[in-house]
Amino acid sequence: MAGDGISVADAKRVINTVVTILQNNDERRRAGGFLATLDISEVFKGGSMGKGTMVEGDFDADLVIYTTSIDLRTAARITGYEDCFKEIHSYLNNQLGRHYRVKVCSKFSLQFTCYGVSMDILLSPYFHNFQEYCNFLGTIDRSQLQLFSCSASKWQVQFIQSYPDKVIDYIKTVKEWRNTMWDDRQITEGRPKSYLIELLVVKAYDDCMQSVSSQMRSMGIVGATTPRATVSSASIRLQLIAMVTYYPRLAVYWTRYYTEDKIWRFQNRQPPYIIDPANPSNNVYKSGIGKDTYAGDHWKMFRRMIDTLQL
């Protein structure tokens, strides 16, 4: 795993160093080109670091550069940022030297390691609020949706962080289990990605809370707030196992940031689906599972493993 032998605290320091370098206006101006004129509104820490779900030995940070240099009025014509990422790559290589190792430079992102910590740099227009972002998604071609999916990062982090610390702990435990079961770096078939794990744990928690609330109402305890302590780790585990075991039936979505009608503009109503709570165009059921092959049911491996999970 990337980050073997590095503590979470050390990983955070490395990530913060890269953020500081990206935000250094003087150095960027000296670098010239695209970077000299890039107006950075924010370098947002997404991924596991932003959500507080990092675990030892497996770090991933999405550094989303929100910039007003990308005009929303013309953004619909953008097909990729590969030339921009090439300049960022050259800049980071000069700043970080031998500690920097590029992995992929594509139209979607710049993927690299720094002191063994994996990071992705992504570019996004600046959106004043979620409604502006959601409206924007409805104006672009479907082929561009992946390019602008990173823009949802700040609301993805906000969503996960709104849950109790105990839920964050469950997420970390499931990630550690995942890393043990898929300990070969070369084999990703059926490996659940971090965001998929986070959403599955959150959904299991939501379902268990709803079940307890229903039980309390049936007992005549009307209007009571469900005590969080009544939702046990055993209940969460059983719910997770059930969801993964019967994955073809998954029909999961949240309506915290958008209404249900927004989902069906982008998605088929036929299960299975797990709709990103911060991006109605992103079906995490498909995007959140590891694929070694282009065909086949990639969830079968996940289902075979899930019974070994302990919380």
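Listed peptides 65-72, 198-205 appear in the order 198-205, 65-72 once ranked by packing, highest mean of other Cβ atoms within 10 Å at the front.
Of the accessible area of the chain, computed with a 1.4 Å probe over protein heavy atoms only, carbon and sulfur atoms account for 48 percent. The H on the amide N of GLU42, modeled in the peptide plane, is under 5 Å from the matching H of TYR66, each at least 5 residues off or on a different chain.
With the simple spin-label model, which puts each label point 7 Å out from Cα in the Cβ direction, the ARG30 to ARG269 separation comes to 6.0 nm. Note on ASP39 and MET209: the model spin-label points, each 7 Å out from Cα along the C-beta direction, lie 3.9 nm apart. Kirkwood hydrodynamic radius computed over the chain comes to 20.8 Å, based on all pairs of distinct alpha carbons. Amide H to amide H distances under 5 Å link VAL252 with TYR273, ILE274, ILE275, where only residues 5 or more positions off or on other chains count and H is placed in the peptide plane. If Rh is defined by the Kirkwood formula over all Cα pairs and Rg also comes from Cα, what ratio Rg/Rh do you get for region 36-155? Checking Rg against Rh, the ratio lands at 0.97. Only alpha carbons enter this Debye calculation for region 89-183, each as an equal point scatterer, and the log10 of I(q)/I(0) it gives at q = 0.12, 0.16, 0.23 Å⁻¹ is -0.62, -0.99, -1.10. If R0 is taken as 35 Å, the Cβ-Cβ distance between ILE241 and LEU145 corresponds to a FRET efficiency of 0.65.
Return one whole number: the accessible area per residue of the chain in Å², for a 1.4 Å probe. Mind dumping the intermediate values first?
Details: 15080 Å² over 311 residues.
Roughly 48 Å² per residue, with all protein chains present.
Of the peptides 7-13, 280-286, the order by per-residue mean of other Cβ atoms within 10 Å, starting with the highest, comes out as 280-286, 7-13. Each principal axis of the Cα atoms in region 1-84 has its own extent, and those three values, largest first, are 42, 30, 20 angstrom. Along region 107-117 the Karplus relation, 6.51 cos²θ - 1.76 cosθ + 1.60 evaluated at θ = phi - 60°, assigns HN-Hα couplings of 6, 8, 6, 10, 10, 7, 10, 9, 6, x, 9 Hz to successive residues, with x for each Gly and Pro. Cross-link reach is defined here as a Cα-Cα straight distance under 24 Å, omitting same-chain residues fewer than 8 places apart; for LYS262 the lysines meeting it are LYS154, LYS203, LYS286. Each residue of region 306-311 was assigned a 3J(HN,Hα) from its phi angle through the Karplus expression (A = 6.51, B = -1.76, C = 1.60, θ = phi - 60°), giving 4, 4, 7, 5, 10, 10 Hz with x at Gly and Pro.
The values are calculated or read from the model by the stated rules, or taken from the named source; none is laboratory data. Keep in mind that what you see is a predicted model, and the values were worked out from it rather than measured. No Cβ is skipped: glycine too gets one built from the backbone with ideal geometry, and neighbour counts run over all protein chains shown. Note: accessible area is taken over every heavy atom of the protein model, side chains too, but ligands, DNA and RNA are not part of it. Shrake-Rupley method; radii C 1.70, N 1.55, O 1.52, S 1.80 Å.
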